[in-house]
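One structure is given here, and the rest of the page talks about it.
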């Protein structure tokens, strides 16, 4: 058998070296891909990779969780723009031009959609991944959910707005209070000088009644602005409700019945008596306005450790969830212009909050509403050191 020629031996050696080099390259590529996948999968950010046709080809665990997918395969094959919430698409031309010019494009606070259709707010950073020829081969999209931050910022703005509104309302209320005191004082002087059956006396008496009603609105404004300092006292709930009986009945139309269902063991709470009266009157007035014709308003008290529960139920029109969620907002009202300013329930909320209590509302359209005030039970031992 003839031995290999030197040329064949050299070619064989080169082939073996090339095979070894290829194996080493493949090994490095395999290790590089494994490292890449580890980095992508362990990233705290959601990462989505798409081809140049803007179709998802890969997503890491964070992206799967963020978009509510069952797996990365459930996201693969979807157009990237299908993950954008309807109406939230940024100016496409400007966006893609920036991406092509710089290789990176950023979108702040873009509404995206989970697979179930629910929206969330995200910051997007999109970059082009270059291929070996210097061109682009993939889109790398980094998604950061900023919904909690956005909600916190919105809440902070609302708080600042309400504080400013409260300061304004308090200032206005004090000015009106001074004017009403003057009007009431002069009206009372007129009443003393005029006979009871005199026409002028009746008009003066009507002025006093109107001023007192306006004074109630001023107290609500002061409560809303927290400029009226509460003076908490130990109040027996059932007795306080009994004292309000006549006043509440005068507030109602003849076709609306008022019923009391009071638990004898309801006990006492620590609250400003004026606040408690305003709470009950506002809730009854709200129930009255919710009843278009005849109906019933029921006031209940009961003891539920550690609360005394005071509830006002009406047989009125009830509320949708959208309205129920806003009823304690200052100046929110469903009444026609001139029939209410939307401060009654806001004042109720403020009074209950100051007393350390909480409010629940049960209602459905056409089935009336029940507003329950939970106030901490007062125990004499609590006042001892």
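The values are calculated or read from the model by the stated rules, or taken from the named source; none is laboratory data. Keep in mind that this is a model prediction, so the values were computed, not measured. Using ideal geometry, Cβ is built from the backbone for each residue, glycine included, and neighbour counts are taken over all protein chains shown.
Report whether or not residue 252 is more than 20 Å from residue 374 (Cα to Cα) and modelled with pLDDT of 95 or more. In short, no. Of the residues making up region 55-85, those that are surrounded by 14 or more Cβ atoms within 10 Å (Cβ to Cβ) and farther than 15 Å from residue 145 by Cα are 55, 56, 57, 58, 59, 69, 72, 74, 75, 76, 78, 80.
Within region 281-319, being in contact with a helix residue (DSSP H, G or I) (Cβ under 7 Å, 6 or more places away or on another chain), modelled with pLDDT of 95 or more and farther than 22 Å from residue 377 by Cα holds for 297, 314. Any chance region 259-280 includes a residue that's in contact with a helix residue (DSSP H, G or I) (Cβ under 6 Å, 6 or more places away or on another chain), in a strand (DSSP E or B) and farther than 20 Å from residue 348 by Cα? Yes, because at least one residue in region 259-280 is in contact with a helix residue (DSSP H, G or I) (Cβ under 6 Å, 6 or more places away or on another chain), in a strand (DSSP E or B) and farther than 20 Å from residue 348 by Cα.
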